Amino acid sequence: MLTNAPRGTKDILPEQATNWLRLENKIRELCNLYGYEEIRTPTFEHTELFLRGIGEGTDVVDKEMYTFKDRGDRSITLRPENTASVVRAYLQNKLYANAGLVKLFYIGSMFRYDRPQAGRLREFHQFGVEALGEKNPAVDAEIILLAWEFLKSLGLDDLTLKINTVGCPACRPIFRRKLTEYFTENADDLCGDCRRRLEKNPLRILDCKVDADKDFMDDAPRIETCLCDDCREHFNALKKFLTAANVEFTVDNRLVRGLDYYTKTAFEIQFAPLGAQSAVAGGGRYDGLIREIGGDDTPAVGFAAGMERILLALELQNLLPAQDKKITAYIVAGGSAAETYAFKLLTDLRRKNISAAMDFGKKSMKAQMKAAVKSGAKFALIVGEDEVATSTVTVKNLETSAQEKVSVAEVSEKIS
RNA sequence: GCGGCUCUGGUGAAGUGGUUAACACGUCGGAUUGUGGCUCCGAUAUGCGUGGGUUCGAUUCCCACGAGUCGCCCCA
């Protein structure tokens, strides 16, 4: 217990950490390329923000939030996602004041109390992108492109991009009503979950795997028939942009996002080999959220991508490079008489920006030589009584086995 | 939150109701004189996820809990 991390959390060990760093660097590089700037928001927020932002009735809010009272009796929640926080920060810091379109990205850990399985953790990491202040569908396309090109650039294949439109406050209610009517007629044939969804979220029924093959599904109302002109045009324009950018996508009118704030565009990128948790990135437009949180009516689009899942996918495809932790020099000290001498050498090398290491365990020289090899060092710098007496160092090239004795002053040149 | 499966050392694992829990890798040490990669020798779980129970006796049987994993749900 004491030596176990809490359920659904993971240590990122040095070996993995370099992969994370590489991934994070690529994210920053790419976001830069697209003109997005990094924002870092608090790990926790007032619970109210998520209640309003994500919406009560959603799974995330109803059963997955880490919520607690702080010592001042405030209700605090560990962020289950970052969009609401970004919007909050946008409003609080009046980021809308300077530019029409505010383009932000973030990297950070999120928390959801869910049952862990491969690709699903209670603390997990997302990076995401948000573009606030523009309703042009070109921005939707830019966001989707960013996500798509990013995953592609990592070397991932077998990716599928699904897009859909979920309407807006003007037309979604109509669609919703039609769905409710239609499925109520077929309620007897629905699975238990869907009968419950009938009231809460009839859109989700479309996405049900249990009922997917039932006959009445084919004739279920379709969102296309209900869209208002604005939404229809928006969706058509988006498709046009994506086609122009030469991105393959499929329209999946069963794609529904789980969070309340989405309007119009919804999309998801899947990497099938991951199994059950195959969604690697997902997002869409949320034109109503900013107003919901207390700002002016402001259109916005964004997405979030799961970093563990990306790393998992990369691992599955053997796209994670082997570790190379090479250092230049490993100092081998013969006897305690040489230790101080060796330590000084170690420090001097580092001050000259040469990576160096030595064994502090006072082992035999043989053992130290083994350690030198294991460290991946190119040179072993051997110092014993002779070297101390003559102010020299024996430099041994571990690849060629050639060795020579040089004065301390020359060591750094010899090995750089 | 629901269901299935799993849980032996640093790792991969074998194994049994009852004397020292295989084997391999790894790690550490050694093979005379200050030096590696090969070879050889030796060491390395008083312990079999945790806690109960059954039993003369359990790592092996039962139960609970925990963690992992797969699927559902949901999502990144």
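The values are calculated or read from the model by the stated rules, or taken from the named source; none is laboratory data. Keep in mind the model is a prediction, meaning the values are calculated, not measured. Because the Cβ atoms are built from the backbone with ideal geometry, glycine has one as well, and the counts that use them run over all protein chains shown.
The table for this structure:
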| quantity | calculated |
| --- | --- |
| Members of the range A:356-391 that are within 15 Å of A:Ala329 (Cβ to Cβ), surrounded by 13 or more Cβ atoms within 10 Å (Cβ to Cβ) and free of Cβ contacts under 8 Å to residues at least 40 places away in the same chain | A:Ala356, A:Ala357, A:Met358, A:Asp359, A:Gln368, A:Met369 |
| Hits in the range A:362-391 - residues which are near RNA strand B (Cβ under 7 Å from one of its atoms) and part of a loop (DSSP other than H, G, I, E, B) | A:Lys363, A:Ser364, A:Gly384 |
| Enumeration of residues in the range A:67-96 that are touching a residue at least 24 places away in the same chain (Cβ under 8 Å) and polar (S, T, N, Q) | A:Ser75, A:Thr77, A:Asn82, A:Thr83, A:Ser85 |
| Residue list for the range A:114-139, filter: at negative phi and more than 16 Å from RNA strand B (Cβ to nearest atom) | A:Ala131, A:Leu132, A:Glu134, A:Lys135, A:Asn136, A:Pro137, A:Ala138, A:Val139 |
| Residues of the range A:279-326 satisfying the condition of being touching a residue at least 60 places away in the same chain (Cβ under 8 Å), of a type outside the set (Asp, Glu) and part of a helix (DSSP H, G or I) | A:Leu289, A:Ile290, A:Met307, A:Arg309, A:Ile310, A:Leu311, A:Leu312, A:Ala313, A:Leu314 |
| Criterion: away from RNA strand B (no atom under 14 Å from the Cβ) and assigned by TED's automatic domain parsing to the domain that holds A:Leu259 - qualifying residue of A:Pro80, A:Pro42 | A:Pro42 |
| Index of the failed condition, A:Pro6 passing every other in (1) under 28 Å from A:Phe150 (Cα atoms); (2) within 12 Å of RNA strand B (Cβ to nearest atom); (3) part of a loop (DSSP other than H, G, I, E, B) | (1) |
| Leading residue by the ranking (surrounded by the most Cβ atoms within 10 Å (Cβ to Cβ)) among those in the range A:17-66 that are without any contact (Cβ under 8 Å) to a residue 24 or more places away in the chain and within 21 Å of A:Arg257 (Cα to Cα) | A:Val61 |
| Boolean, A:Val280 is surrounded by fewer than 17 Cβ atoms within 10 Å (Cβ to Cβ), aliphatic (A, V, I, L, M) and assigned by TED's automatic domain parsing to the domain that holds A:Asn93 | no |
| Selection within the range A:327-358 - β-branched (Val, Ile, Thr) and assigned to a helix (DSSP H, G or I) | A:Thr340, A:Thr347 |
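The rows are residues; the columns are (1) assigned to a helix (DSSP H, G or I); (2) more than 27 Å from A:Lys264 (Cβ to Cβ); (3) in contact with a Lys or Arg (Cβ under 8 Å, 6 or more places away or on another chain).
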position	(1), (2), (3)
A:Asp188	yes, yes, no
A:Leu198	yes, no, no
A:Asp211	no, no, no
A:Met217	yes, no, no
A:Ala220	no, no, no
A:Glu224	yes, no, yes
A:Leu227	no, no, no
A:Arg232	yes, no, no
